[in-house]
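Read the structure below first, then the notes.
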Amino acid sequence: MKLWVDGKEYTFSLKKISSRLYNASKIERLAFRISSSGYGIHWPLIDEDLSIDGLLGIKHYPPTIKYEYPQQHLLAVKEKSSIYKSKRNK
């Protein structure tokens, strides 16, 4: 399978990326849709979905927040929690 992303060509072995695509007929493989976001491919006849990021090996990580004084941050979270407040008010 060949894929063009941002002007670059990528080639993937169907056998390695999807057994459904590998075993599908030519007609089933040619019946695909690009997602509205442009980041996925869907083959409705075989119910297969692949993400472009997954094919390219792009990983997304949630942002990390670093606090200068982590102990103070944890104390602030503790004081805002309902468990801490209910124990203090008894």
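Work through the residues other than R20 whose Cβ is under 15 Å from its Cβ and net out their charges, Lys, Arg +1 and Asp, Glu -1.
Neighbour charge sum, excluding R20 itself: 0.
Return the long-range amide H neighbours of V5 (sequence gap of 5 or more, or a different chain), with a cut-off of under 5 Å between placed amide H atoms.
Result for V5 returns Y10.
Out of the chymotrypsin sites (Phe, Trp or Tyr not before Pro) in segment 1-69, which ones are loop residues according to DSSP with at most 11 other C-beta atoms within 10 Å?
Qualifying residues, ordered by number: Y67.
Quick query: amide H of E48 versus all other amide H atoms, modeled in the peptide plane; which residues come in under 5 Å with a sequence gap of 5 or more or a different chain?
Placed amide hydrogens put W43 under 5 Å from E48.
Looking at segment 23-68, which GluC sites (Glu not before Pro) are in a loop (DSSP not H, G, I, E or B) and have at most 15 other Cβ atoms within 10 Å?
Loop-located and lightly packed - E68.
Laboratory data are not the source of any read-out in this text; all were calculated from the coordinates shown. The model shown is predicted, which means the values in this text are computed figures rather than measured ones. Note that we place each Cβ from the backbone using ideal geometry, even for glycine, and neighbour counts take in every protein chain shown.
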